[in-house]
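What follows is one structure encoded as structure tokens, with my remarks underneath.
The values are calculated or read from the model by the stated rules, or taken from the named source; none is laboratory data. All figures in this text were calculated on a predicted structure; none of them were measured in a lab. In this analysis, Cβ positions are derived from the backbone assuming ideal geometry, glycine residues included, and neighbour counts consider all displayed protein chains.
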Amino acid sequence: MADASKAGLTDSIVINTGQDKILETLLDFESYPNWMSAVVSIDVVKRDKKKRGTQVRYVVDAVVIKPKYTLSYKYGDDRIDIGYVEGDLEDCNSYYLFEPLDADRTEVTYHYDVSYSIPRALLNPVTRRMLKTVDKRVMNSALKDLKKQAEAR
């Protein structure tokens with residue numbers, strides 16, 4: 001169940017495959033529109049020496065609007081940090097954390113913390129409720145879609 005006690009949302013899922021397959025799935029940015037529910041298109045803007053995406057431009061379907069934004073990716077041994085570069089968001093401080101449970105199971109924790117660039121005049125209780133719904137939808141689909149895709153590889 002998602003934890004909303006801190007800024008953003010944090011949730012975990014056990015994926016029945018090793019960390020390598022999960023990373024392979026997450027690093028295949030160009031395939032996201034085929035398996036991530038809300039992703040309309042992806043463009044990898046920059047890559048590191050290992051050919052991993054370090055800046056990735058997204059267009060997503062957020063029900064009412066289709067925001068476009070670029071995110072940065074930094075890679076550690078057991079985590080991927082995601083930050084905001086530019087676009088239709090105000091900020092993004094998210095991450096994936098990987099904890100191998102055994103050779104064929106990995107617990108993946110996803111922390112999703114996004115601030116939307118919305119004029120103050122439009123921020124009312126209905127808009128805030130809608131944004132919370134979008135955030136929960138993104139959180140749930142990100143983990144469930146990742147599990148389904150990684151286990152299918």
| remark: Restricted to segment 106-147 and to residues being β-branched (Val, Ile, Thr) and over 18 Å from the mean Cα position of the chain (by Cα), the residue nearest to Ile82 (Cα to Cα) is Ile118
| query | Out of all the residues in segment 66-77, which are loosely packed, with under 14 Cβ neighbours inside 10 Å and at pLDDT 95 or above? | reply | Lys74, Gly76
| task | Go through segment 12-56 and give me each residue that's charged (D, E, K, R) and over 22 Å from Lys144 (Cα atoms). | result | Asp43, Lys46, Arg47, Asp48, Lys49, Lys50, Lys51, Arg52
| task | Could you identify the single residue in Ile80, Ile22, Ile65, Ile15 that is touching an Asp or Glu at 6+ places or on another chain (Cβ under 7 Å) and of a type in the set (A, V, I, L, M, F, W, C)? | result | Ile15
| remark: Of the residues in segment 114-134, those that are in a helix (DSSP H, G or I) and either loosely packed, with under 11 Cβ neighbours inside 10 Å or modelled with pLDDT of 80 or more (or both) come to Arg120, Ala121, Leu122, Pro125, Val126, Arg129
| remark: Of those in segment 1-19 that are farther than 22 Å from Pro100 by Cα and at pLDDT below 50, the residue surrounded by the fewest Cβ atoms within 10 Å (Cβ to Cβ) is Ser5
| query | Is segment 92-113 home to any residue that is farther than 27 Å from Ile22 by Cβ and modelled with pLDDT under 95? | reply | no
| task | Please state which one of Ser72, Ser37 is in a loop (DSSP other than H, G, I, E, B) and within 13 Å of the chain's Cα centre (by Cα). | result | Ser37
| Counted residues, segment 75-91 - those being among the acidic types (Asp, Glu), assigned to a strand (DSSP E or B) and farther than 26 Å from Lys21 by Cα | 3
| field | Long-range neighbours under 7 Å by Cβ, at least six apart or interchain, first residue on the phi > 0 side of the Ramachandran plot within segment 75-97, second part of a loop (DSSP other than H, G, I, E, B) and surrounded by 15 or more Cβ atoms within 10 Å (Cβ to Cβ) | value | Gly87/Pro67
| field | In segment 22-63, the residues that are closer than 17 Å to Glu86 by Cβ, exposed (fewer than 15 other Cβ atoms within 10 Å of the Cβ) and in contact with a helix residue (DSSP H, G or I) (Cβ under 7 Å, 6 or more places away or on another chain) | value | Ser41
